[in-house]
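The structure appears right after this line, and notes come after that.
The values are calculated or read from the model by the stated rules, or taken from the named source; none is laboratory data. Here the structure is a predicted model, which is why all the values come from computation and not from measurement. We place every Cβ from the backbone using ideal geometry, glycine too, and count neighbours over all the protein chains shown.
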Amino acid sequence: MSDIYDVIIIGSGPAGMTAGIYTSRAKLKTLMIAGEKWGGQLMLTTLVENFSGFAEGIQGPDLMANMRKQVERFGVEFKEENATEVDFGVKPFRVNNYSGRSVIIATGAEFKWLNLPNEQKLIGRGVSSCATCDAAFFKGKKVVVVGGGDAAMEEALVLSRHATEIVMVHRRDSFRASKIMQDRVFANPKIKVIWNAEVKDVLGENKVEGVVLSSGETLQTEGLFVAIGHSPATKIFEGKVNMGERGYAQREGDNFRTMSNVPGVFVSGDVHDYIYRQAVTAAGYGCEAALDCERWLEEEGH
């Protein structure tokens, strides 16, 4: 039975990595299906200042590289491949060509981007999707926020503590955000709104210098914050575990609260969390799922 893992972790962001630290230290044979692009959203982040333990901050890719070294030091088998097929209807469970007595889903969520010609090359150089993470870098600067929901309102409000001017660009003539969030935005003197417009491109080589609007107008700005939503990475789990209305995997356990509707399959991190979406909360969820998984395996006699 040496070819059967105690735990298969799908995903390698902070949730998956933290889960791997705990399962491997518990002497559970652990496989991490990390993805061809391993490390999660932090691989697209520059300086991370809000993850505990780094007084001067740490670059996102460096933080994930440290986590990888740690899980591998404890014996986690790390596979840089994508999970393309899962079968939770058999025991042991199957993920790709691997077998596991339990599975921790930690595939995270992906930011929705605008798909602008220069957008991807400027991510981390002025293009961002997380004001909580990056607002402090824009102290005294002018920034643009795209979006019309509660998330966009929150981004603009967070940025207003640091930036001198925030311009919200929205493709319609009204926001869809809750009234209380809209009231806060409209009451903030730093925030201006351009209605019935779209951002068509972002300008700059090594940093953001401006954006081009659908009207042809160019706005000078040093930051572009995209807040048009997230997509949970749950496509391969459709029909395998229960999803909520938003498409996020659901945690439905009683004694094991991180368990999905399938006994032995646990859910961790941004793949279920559409509220907080922080690296440190994802790591906490990874810890929870690993501890639940360990206890469940023990109860099952493994």
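Of all residues in the range 106-131, those that are more than 23 Å from Met17 (Cα to Cα) have Cβ atoms under 7 Å from Cβ atoms of residues that are basic (Lys, Arg) and surrounded by fewer than 14 Cβ atoms within 10 Å (Cβ to Cβ), 6 or more apart or on another chain, in Arg125/Lys207; Gly126/Lys207. Exactly one residue among Gln220, Gln250 is under 22 Å from Gly140 (Cα atoms), modelled with pLDDT of 95 or more, in contact with a strand residue (DSSP E or B) (Cβ under 8 Å, 6 or more places away or on another chain) and among the polar types (S, T, N, Q), and that residue is Gln220. Can you tell me which residues in the range 1-40 are of a type in the set (S, T, N, Q), assigned to a helix (DSSP H, G or I) and touching a strand residue (DSSP E or B) at 6+ places or on another chain (Cβ under 7 Å)? Thr23, Ser24, listed by residue number.
Every residue, every condition in (1) modelled with pLDDT under 95; (2) in a strand (DSSP E or B); (3) of a type in the set (A, V, I, L, M, F, W, C); (4) surrounded by 17 or more Cβ atoms within 10 Å (Cβ to Cβ), yes or no:
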site	(1), (2), (3), (4)
Ala55	yes, no, yes, no
Glu72	no, no, no, no
Val103	no, yes, yes, yes
Glu110	yes, yes, no, no
Asn115	yes, no, no, no
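Using the structure shown, decide if Ala197 is in contact with a strand residue (DSSP E or B) (Cβ under 8 Å, 6 or more places away or on another chain), small (Gly, Ala, Ser) and on the phi < 0 side of the Ramachandran plot. Yes; evaluated as a whole, the condition is true for this residue.
The residues in the range 209-242 that are farther than 23 Å from Asp134 by Cα and of a type in the set (Phe, Trp, Tyr) can be counted, and the count is 1. A residue that is among the hydrophobic types (A, V, I, L, M, F, W, C) and at pLDDT below 95 occurs nowhere in the range 182-203. Check the range 218-225 and report whether any residue there is surrounded by fewer than 18 Cβ atoms within 10 Å (Cβ to Cβ) and part of a loop (DSSP other than H, G, I, E, B). Within the range 218-225, none of the residues are surrounded by fewer than 18 Cβ atoms within 10 Å (Cβ to Cβ) and part of a loop (DSSP other than H, G, I, E, B). On the stretch given as the range 248-283, residues that are assigned to a helix (DSSP H, G or I) and buried (at least 18 other Cβ atoms within 10 Å of the Cβ) total 6.
Just name the residue that is nearest to Tyr276 (Cα to Cα) out of those in the range 126-143 that are buried (at least 21 other Cβ atoms within 10 Å of the Cβ) and of a type in the set (Val, Ile, Thr). Result: Val127.
Put simply, of Met168, Met181 the only residue that is touching a Gly at 6+ places or on another chain (Cβ under 9 Å) and under 15 Å from Ser129 (Cα atoms) is Met168.
Listed here are the residues, each with its yes/no results for (1) within 15 Å of the chain's Cα centre (by Cα); (2) buried (at least 16 other Cβ atoms within 10 Å of the Cβ).
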residue	(1), (2)
Ile33	no, yes
Gln41	yes, yes
Val48	yes, yes
Phe78	no, yes
Glu81	no, no
Asn97	no, no
Leu122	no, yes
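Quick check on the range 226-247: of everything there that is crowded, with 20+ Cβ neighbours inside 10 Å and not in a strand (DSSP E or B), which residue is farthest from the chain's Cα centre (by Cα)? Among residues in the range 226-247 that are crowded, with 20+ Cβ neighbours inside 10 Å and not in a strand (DSSP E or B), the one farthest from the chain's Cα centre (by Cα) is Lys240.
The conditions of being touching an Asp or Glu at 6+ places or on another chain (Cβ under 7 Å), among the polar types (S, T, N, Q) and at pLDDT 95 or above are met by Asn82.
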